[in-house]
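Report on the structure given below.
The values are calculated or read from the model by the stated rules, or taken from the named source; none is laboratory data. Since the structure is predicted, the reported quantities are computational estimates derived from the model, not experimental observations. Glycine gets a Cβ as well: all are built from the backbone with ideal geometry, and neighbour counts include every protein chain shown. All accessible areas refer to the heavy atoms of the entire protein, side chains included, with ligands and DNA or RNA removed. Shrake-Rupley method; radii C 1.70, N 1.55, O 1.52, S 1.80 Å.
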There are 2 protein chains.
Amino acid sequence: MGLVVQKYGGSSVADAEGIKRVAKRIVEAKKNGHQVVVVVSAMGDTTDELIDLAEQVSPMPAGREFDMLLTAGERISMALLAMAIKNLGHEAQSFTGSQAGVITDAVHGKARIIDVTPGRIQQSVDSGNIAIVAGFQGVSQDSKDITTLGRGGSDTTAVALAAALNAEVCEIYTDVDGVFTADPRVVKKARKIDWISFEDMLELASSGSKVLLHRCVEYARRYNIPIHVRSSFSGLQGTWVSNEPQGDQPMEQAIISGVAHDTSEAKVTVVGVPDKPGEAATIFRAIADAEINIDMVVQNVSAASTGLTDISFTLPKTEGRKAVEALERTKARVGFDSLRYDDQIAKISLVGAGMKTNPGVTATFFEALSNAGVNIELISTSEIRISVVTRADDVNEAVRAVHSAFGLDTENDEAVVYGGTGR
Amino acid sequence: MGLVVQKYGGSSVADAEGIKRVAKRIVEAKKNGHQVVVVVSAMGDTTDELIDLAEQVSPMPAGREFDMLLTAGERISMALLAMAIKNLGHEAQSFTGSQAGVITDAVHGKARIIDVTPGRIQQSVDSGNIAIVAGFQGVSQDSKDITTLGRGGSDTTAVALAAALNAEVCEIYTDVDGVFTADPRVVKKARKIDWISFEDMLELASSGSKVLLHRCVEYARRYNIPIHVRSSFSGLQGTWVSNEPQGDQPMEQAIISGVAHDTSEAKVTVVGVPDKPGEAATIFRAIADAEINIDMVVQNVSAASTGLTDISFTLPKTEGRKAVEALERTKARVGFDSLRYDDQIAKISLVGAGMKTNPGVTATFFEALSNAGVNIELISTSEIRISVVTRADDVNEAVRAVHSAFGLDTENDEAVVYGGTGR
């Protein structure tokens, strides 16, 4: 049997009991004959506590020092985990990101992995050890400074190590049983997905599903590393994310993988934009120069009578103020009428590669929303995703209605037949 | 002006306020034109909290992992301190022991420094930064594992860096004003020492004075690095420890530097040892094989009638059980009568290079104890120290009496004249 990379998040190692529980699980994998490399996050609230300390000493902590500070968190959890494993009679060694060969650029707080040179890890597991590696951290290629990878960094560490070590699988242990067809907190009848393709998982991740981050899935797809998302609290099989179904999983992909929602975005509408070349470019250059990532962009045909059009886009609420200020500065140049800012919106997305070949998905989607009395404000589609923007207040109702309409509810495993033509 | 190494202990950086206060002091030194390298310990109780966590996951934590865990403590304090300094408008960079080039052997938990290669630190200060270095930690020469230096490790880091960087002085900031002629908690009239030689400081440190550890003073003496022990809570001059007095300090050394006491030891007496060659060797080989460090050793002349003698020695209380067990195993071979173990003792030591040339010091010492009604159980001397063992209950009374007898009390700066002959 080959090498397995396991990743445990902060909630799985929140206290000494959690660490001991995780240690047992790791030892099981080792006993089953695997070489085991474990990536671990900081314990529970450690990172928040460190951030709080930093805020107490400096309102604007420097990136280099902030990264140095935060990386203390994984140092604690990884050393404790190695101790707990050794206490079960198995050999274990812990390694910092730097020691594990996670080489990054020098962008503190959100460094990108440039290379992984896991010589020490390979040597450690070849000598019979379980190797414990600090997630979320690396060392910059040029300055040799400690860096952190930003949000979801530990998952990315795990996938990157799995790729560099040619692992069989990257197991991501978390506090839920896997990826669900919708957020189980909203949809009680949401179903655990046994297998999902990288492509559908990428769309779900960018549509508000929080189990895996886009970046980690993208990395896994590039190096074709199967991810197994599962609970550290149960022994259940979780969700496999890969190119092809694993083992006895059904070969045929579900038409719809799931319904995602996102209430973290706001909508900006630029009203009365002259419908001529270059106007949209000016607007979005201003947004880009302010380093704001936008999500959906919608422009309708202009009213013939005025020659003016409206352009709407969505973006993280946290960037709202910055975007509005940037646009105000372009007002004279573009000559638009006004700006509207609305942060009481939700985005609901239906994801599934099957929709490419199954007509009527769009119609069923919109009918479900209509029957639930939910108004659609914006629509945007990709090849395997349909997203709409609704009022934030409608989001739970809308997600449940759509989930049910596509036969995703647990009590009804039979897929609905889509009427209508086209999408 | 040259380079200064400053070391701040855990009590000086116990919380965010402490870190900001220390940052201001560091910036002062920089403004005064010094290059500044700062060595910092873990914040307040951090180390104890980490030890507590380790004990929760493993009764016998492995050394390598325990060191990895503990070094998270300085990582936190050093990053926060660098942030606090930058917040005051000065450039600062933090460095782990490994980054600072503190190369050690591989004895986890009490590693010895083999070499210091402070290239990155020199480069950092040459570029105008204040360099903040994690105390107490290094990296092992061969395995590149993280190590810790054991008790007083941060002081040793500071002195070692000062030596490697050719610093003018190593300032050890602590929560007391300096080295005193006796423990101020016991002797209210204890006086701060302005200057003390390395030799006298070494004797004080090995006699129970806790301000500086023997190891750090020994390192400073070897590389002739002046140490300035001072309070991080006041701007006062503290105590200089060096080969020669500094600046306007009196050139002539005090006859007596101070009175130290130690209640951490126990006394073992091997009763009825045959007075023939090899018996003492057998006894102390057994103690050495059990890896126990002993302190005083006393043997009296044997009683002519029996040809038997008694051998007493002192050792840390924590080693008491191990020593007694080791000796019990040699009983048949040595043929001694019995063992006595006594942990209700105190050691009181009078230290001062001046006693070499001033007759009567011993007599004055013993008279002072006698007048205070304190019985002497053991006596041991070095060239510049006299130590006695008394009952633990008598220790405070004894220290005060001796301190007073040698004119060390603050209200009486005049030294006594020693009568009698010899020591």
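Helix content alone sets the calculated 222 nm mean residue ellipticity of chain B: runs of n ≥ 4 DSSP H residues at -39500 (n - 2.57) each, divided across all residues, give -10000 deg cm²/dmol. Reported to the nearest whole Å, the Cα centre-to-centre distance from segment B:364-407 to segment B:100-162 is 40.
With the cut-off at under 12 Å, measuring from each backbone N in segment A:350-375 to a point 7 Å along the Cα-to-Cβ line of A:E397 picks out A:369-375.
Inter-chain Cβ neighbour count for A:16-26, averaged per residue, equals 2 (cutoff 10 Å, partner chain atoms only). Note on segment A:87-184: Cα-Cα pairs beyond 18 Å make up 50% of the total pair count.
Relative contact order of segment A:3-252, please, whole-number percent, based on alpha carbon pairs below 8 angstrom and at least 6 residues apart. Across segment A:3-252, relative contact order equals 20 percent. If R0 is 51 Å, the Cβ-Cβ spacing of A:F284 and B:R112 corresponds to a FRET efficiency of close to 0.25.
Considered as an equivalent ellipsoid built on the Cα gyration tensor, segment A:204-331 has semi-axes of 41, 17, 13 Å, the largest given first.
Spatially, segment B:287-358 and segment A:297-360 are offset by 86 Å when compared through their Cα centroids. For segment A:3-252, the normalised intensity computed at q = 0.08, 0.09, 0.13 Å⁻¹ comes to -0.29, -0.36, -0.77 (log10 of I(q)/I(0), Debye sum over alpha carbons, equal scatterers, no solvent). When the Cα positions of A:V270, A:S58, B:A167 are compared along the charge dipole of the protein assembly as shown, B:A167 comes out farthest toward the positive end, with charges on each C-beta of Lys, Arg, Asp and Glu.
Across segment A:276-388, Cα-Cα distances exceeding 18 Å account for 59% of all pairs.
For chain A, a Gaussian network of Cα nodes joined below 10 Å ranks A:N293, A:N129, A:N166 by mean-square fluctuation, and the top entry is A:N293.
Projecting the Cα atoms of B:N396, B:S154, B:N371 onto the charge dipole of chain B (Cβ charges, centred on the Cα centre) puts B:S154 farthest toward the positive pole.
Accessible surface for segment B:22-63, divided over its residues, is 45 Å² per residue with a 1.4 Å probe.
With the whole protein complex present, A:M1 retains an accessible surface near 150 Å², based on a 1.4 Å probe. By accessible area, using a 1.4 Å probe on protein heavy atoms only, segment A:180-235 has 51% of its surface on carbon and sulfur. Label-point spacing at B:R340 relative to the other copies reads 9.7 nm, in ascending order, each point sitting 7 Å out from Cα along Cα→Cβ. Excluding residues fewer than 8 places away in the same chain, name every one of the lysines whose C-alpha is closer than 25 Å to that of B:K31. Here the lysines satisfying the reach criterion relative to B:K31 are B:K7, B:K20, B:K86. When DSSP beta bridges are restricted to pairs lying wholly in the protein assembly as shown, around 60% turn out antiparallel. Grouping the Cα pair distances of the protein assembly as shown into 10 Å bins from zero gives a pair-distance distribution of 2, 11, 16, 18, 17, 13, 9, 6, 5, 3, 1, 0, 0, 0 percent in increasing distance order.
Jot down the per residue volume, in cubic angstrom and as a whole number, of the convex hull over the alpha-carbon atoms of segment B:1-103.
93 Å³
What GluC sites (Glu not before Pro) does segment A:310-413 have in DSSP loop regions with at most 14 other beta carbons within 10 Å?
Hits after loop and neighbour filter: A:E383, A:E411.
For segment B:55-111, relative contact order (Cα pairs under 8 Å, six or more residues apart, normalised by length) works out to 36 percent. For the pair segment A:223-283 and segment B:51-81, the centres of their Cα atoms are 39 angstrom apart. Legend: distances between Cα atoms for A:K210/A:K267; A:K24/B:K144; B:K267/B:K322; B:K189/B:K267; pairs beyond 18 Å are A:K210/A:K267; A:K24/B:K144; B:K189/B:K267. Accessible area buried by the pairing of A and B, both sides summed with a 1.4 Å probe, works out to roughly 3300 Å². Averaged per residue, what accessible area in Å² does segment B:196-279 show with a 1.4 Å probe, protein chains only? Counting only protein heavy atoms, the per-residue value for segment B:196-279 is 41 Å².
Here, segment B:345-405 has an Rg and a Dmax of 10.8, 33 Å when only alpha carbons are counted. Answer with one residue from B:A332, B:I294, B:T314: the one whose Cα lies farthest towards the positive end of the charge dipole of segment B:265-342, charges on Cβ with Lys, Arg +1 and Asp, Glu -1. Of B:A332, B:I294, B:T314, it is B:A332. In order along segment B:340-356, the phi-based Karplus estimate (6.51 cos²θ - 1.76 cosθ + 1.60, θ = phi - 60°) of 3J(HN,Hα) comes to 10, 10, 9, 10, 9, 10, 10, 10, 10, 10, 10, 10, x, 4, x, 5, 4 Hz; Gly and Pro are listed as x. Taken over the Cα atoms of segment B:265-342, the convex hull encloses 78 Å³ per residue. Protein heavy-atom surface of segment B:345-405, 1.4 angstrom probe: 43% of the accessible area is carbon and sulfur, with nucleic acids and ligands not counted. Remark: spin-label model distance B:R333-B:D52 equals 4.4 nm, labels positioned 7 Å along the Cα→Cβ axis. Placing +1 on each Lys and Arg Cβ and -1 on each Asp and Glu Cβ, with no other charges, gives chain A a dipole about its Cα centre of roughly 500 debye.
If you take every residue apart from A:K7 with its C-beta less than 15 Å away from the C-beta of A:K7, what net charge results, scoring Lys and Arg +1 and Asp and Glu -1?
Summing Lys/Arg as +1 and Asp/Glu as -1 gives -1.
Normalised by the number of residues in chain A, the mean separation of alpha-carbon contacts (under 8 Å, six or more apart) gives a relative contact order of 13 percent.
In nanometers and ordered shortest first, the copy-to-copy spacing of the A:I379 label point, defined 7 Å from Cα toward Cβ, is 10.5. What you get for segment A:201-250, charging only the Cβ of Lys and Arg (+1) and of Asp and Glu (-1), is a dipole of about 220 debye around the Cα centre. In a reduced charge model with +1 at each Lys and Arg Cβ and -1 at each Asp and Glu Cβ, segment A:3-252 shows a dipole moment near 420 debye about its Cα centre.
Its alpha carbons give chain A an Rg and a Dmax of 23.6, 80 Å.
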